[in-house]
Amino acid sequence: MAFYEINLVVLVLINIALYLRQWRTTSSPDTDHDDGGEQRAEDAKWQDNASRKSSFVRTYLSAYLLATAGDWLQGPHIYAIYRYEKALPETTTAALYATGFISGAVAATFVGQLADKYGRKTTCLIYCASYIACCLAMLSDTLPILYLGRICGGVSTTILYSAFETWMITEFHNQGLATTGLSTATIFGRQTTFNSVVAIFTGIAGEALVSATGTRKAPFLLAVAVFVLAGLWIATTWSENYGNAEDGRPRSSLSEIGSAAKDMWRDKRVFALTIASSVFESMMYLFVFFWSAAIKSARSIAGVKDDPPFGLIFSCFMCAMMAGSLLFTMFSARHDVFSTSYVLKIAMTFASLALMSTIVNYREDLVFWAFCIVEMCVGLYFPSMNFLKGAIVEDGRRGKIYSLMRLPLNAFVVIAHSLAEEGESFLSTSWMSRVLTCYRRSSSEQRLLELWRRTARCIHSRAEIHRVNLDLIEYKIPFLRLQRAVNVVAGYHYIFCLSPCPWSSIATCFAVAPGLQPGRTF
C-alpha cells in the first residue's frame with residue numbers, strides 16, 4: 001500500500017510544480033508603457049478582455065465539468081454492480097457494455113445532425129436527460145431495462161464528446177474571443193486538467209457513498225442530482241448556436257450523413273484525425289476495461305494474494321493525466337496547428353511504447369508506471385486532438401463531423417467486447433492480443449512473433465493469445481491500405497503487440513501536419 005501512496009504524493013507534487021510554473025507565465029500582463037494615458041487604456045482593455053475570457057471559460061467549463069462529473073461518478077461502479085450486485089455473467093456484462101457502444105455508433109449517425117439543426121445547447125440538455133434515464137435504469141434488476149439504460153448511456157456519451165465542444169468552439173468564434181488572446185488550446189488544456197481533478201474527487205465521493213450506504217447504486221443517484229444541476233446551468237447560462245444551412249432544399253438524414261462522410265473522405269486531414277482518434281481512443285477504452293485485471297494478474301504472479309488498492313491507483317492515473325494536460329499547455333505555447341500535431345504524435349508514440357513494455361515485464365510496479373505513462377499521454381492527447389479538430393473542421397458542419405468521427409471507434413470497441421470470455425486470465429491478457437499491423441512479416445519476423453507469444457503465455461500463466469482476434473485484425477480489415485503508412489511502418493518491424501498507436505501516429509504525421517501548412521493541399 002505504501003508504494004501507491006508514495007507515487008500519489010510524488011504525482012501531486014509534480015502537478016503542483018507544473019501548475020505554478022504555468023501560473024507564473026500567464027498571470028500578469030505586460031504594462032510597461034511610457035505614456036500614462038496609453039497605459040490606463042491598455043490596462044482597461046486588458047481587464048475587459050480578462051473579464052470576457054474568464055466569463056466564457058467559467059460558463060463552458062462549469063457545464064462541462066458537471067456533465068463529466070456525473071459520468072465519472074457512475075463509471076467505476078458499472079462493472080462491479082453488474083458482476084457482483086446483480087451477479088450477471090461475464091458474457092452478459094460484456095454484452096451490456098457492447099450495447100452502449102453500439103448505441104453510440106448508431107447515435108453518431110444522427111446526433112451531429114440533431115445538434116446542427118436544432119441547436120447544440122438543446123442537444124446538451126438532451127444529454128443530461130438521457131444520462132439521468134441511464135442512471136435510473138441501474139436501479140432495476142430487469143435485464144431489458146438494463147439494456148435500455150446502456151442504450152441511453154451510449155447516446156449520451158456520443159453527445160458528450162461532440163455537442164459540448166461544438167457549442168464551445170462555435171460560441172468562441174461568435175464572440176470574437178480570439179482577439180482577447182484566448183485560445184481554444186488553452187481552454188482544452190484547462191478542460192482536461194480540471195476534468196482529472198473532478199475524476200479524483202468524484203471517485204472518492206463515490207467510494208464514500210458505497211461505504212456509507214452499503215450499495216453501489218448510491219453513486220448513480222448522486223449522478224442524477226449532478227446531471228440535474230448541469231441541465232439547469234446550461235439552460236440558464238448558455239446561448240443557442242446552430243450549424244449552417246447549406247441551401248433551402250430539405251434534405252433527408254441519409255443524404256446529410258452521406259454528405260458529411262464525403263467531406264471527411266475528401267479532406268485527408270479530417271480523415272487522418274478520424275483514424276488516429278479511433279485507434280487511440282479504442283485502446284483507451286479497452287485499457288479502462290482491463291487495467292485492473294492486468295495489475296491484479298501481475299500481483300498474483302508475484303505471490304501477493306491481497307487485492308490492489310484500486311481507488312488509490314485510479315487517483316494516481318488521474319494525477320498522471322492531469323500532468324499530461326499541464327505539459328500540453330507548456331509544449332503548445334504558440335497554440336498553432338503544426339506544433340500541436342507534433343504533441344499529438346509524441347503522446348501516441350509514448351503511449352504505444354508504454355503499453356508494449358508491459359509484455360516483457362510482469363512486475364507490478366513496472367506495470368503500474370507504464371500505465372501512468374499511458375494516462376499522461378491521454379492527458380496530452382485529448383487537448384491536442386480537440387484543438388486540431390477545432391482548427392480543421394468548419395463550424396457549420398462541426399456537429400455532423402464530430403459525431404461521425406466516433407463511428408469507427410465504437411465499431412472497434414464493440415468487436416473487442418464481443419470477444420470477451422469468462423475468467424480473469426482472459427481479462428488480464430485479452431487486450432494484449434489486439435494487434436494492428438499494416439505490413440507483411442518476413443519468416444524471421446514471424447518466428448520472433450511466435451517466440452513473443454510463447455513468452456507472453458509463460459509470463460501470464462494461463463494466458464492464451466486468441467487466434468480469432470489475430471485473424472480478425474490481421475487479415476480481415478481491408479480498409480487499412482494507406483500505402484504511405486505501410487512504407488513507414490516497415491521501420492517498426494517488431495512493434496506488433498498491444499497498441500495501434502504507432503500506426504495512428506504515422507497517419508497523423510503524413511496526413512495532418514504537412515497538410516496544415518499554408519499553401520499545401522491534398
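Brief remarks follow.
- Between residue 232 and residue 140, the C-beta separation translates, for a Förster distance of 22 Å, into a calculated FRET efficiency of about 0.25.
- By the Stokes-Einstein formula, at 1.567 mPa s and 4 °C, the range 58-194 with its Kirkwood radius over alpha-carbon pairs has D equal to 80 µm²/s.
- Segment residue 106-residue 84, extension gain: residue separation times 0.36 nm, minus the distance between their alpha carbons: 5.0 nm
- Cross-link pairs 262/345; 217/305; 117/268; 268/345 - those with Cα-Cα distance over 22 Å: 262/345; 217/305; 117/268
- Only lysines eight or more places from residue 121 in sequence, or on another chain, were considered; those with a Cα closer than 24 Å are 53, 389, 400.
- Label zone at residue 339, where the point sits 7 Å out along the Cα-to-Cβ direction: the range 175-203 residues whose backbone N lies under 15 Å: 182-187, 189
- Peptide ranges 287-298, 304-315, 67-78 listed from the most packed, as the mean C-beta count within 10 angstrom indicates: 67-78, 287-298, 304-315
- Taking 0.36 nm per residue of sequence separation and removing the Cα-Cα distance, the residue 2/residue 301 pair yields an extension gain of 105.7 nm.
Bear in mind these aren't lab numbers, they're just calculated from the coordinates by the rules spelled out. Quick caveat, the model's predicted, so the values are computed rather than measured. Cβ atoms come from the backbone with ideal geometry, glycine included; neighbour counts cover every protein chain shown.
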